[in-house]
Amino acid sequence: MVRIGTPTATPGILVLEDTNKAMILPRVASPHLNIINPAPGMMVYDTTAKQLAVFNGTVWSFWKP
């Protein structure tokens, strides 16, 4: 397990803990065009479309707030 931040009892492989900071995903322009062999579960921030991109193993899904 890797723990970043103040330790708590939260289980997981990677636990990010903080009260005033957030995780920042890798930023990629048009990931559906520029990531050649994406892995299932891959998440990036699409800087072209300004939205979250998630690869499900077959297709990219784009989430915009």
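The values are calculated or read from the model by the stated rules, or taken from the named source; none is laboratory data. This structure is a prediction, so every number in the text was calculated from the model and none was measured. So basically every Cβ, Gly included, is an ideal-geometry build from the backbone, and we count neighbours across all protein chains shown. Side chains included, ligands, DNA and RNA excluded: accessible areas come from the protein's heavy atoms. Shrake-Rupley method; radii C 1.70, N 1.55, O 1.52, S 1.80 Å.
Couple of notes before you dig in:
- For segment 1-55, a residue qualifies if it is within 19 Å of residue 65 (Cβ to Cβ), touching a Leu at 6+ places or on another chain (Cβ under 8 Å) and assigned to a strand (DSSP E or B), and the qualifying residues are 43, 44, 45, 46, 52.
So that you can scan it fast, the table gives a plain yes or no per residue for (1) open to solvent by less than 50 Å² (accessible area, probe 1.4 Å); (2) touching a Gly at 6+ places or on another chain (Cβ under 8 Å):
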residue: 13; (1), (2): no, no
residue: 16; (1), (2): no, yes
residue: 20; (1), (2): no, no
residue: 35; (1), (2): yes, no
residue: 40; (1), (2): no, yes
residue: 48; (1), (2): no, no
residue: 53; (1), (2): yes, no
residue: 62; (1), (2): no, no
residue: 65; (1), (2): no, no
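- Subset of segment 37-64 that is within 27 Å of residue 2 (Cβ to Cβ) and aliphatic (A, V, I, L, M) - its residue that is farthest from the chain's Cα centre (by Cα): 39
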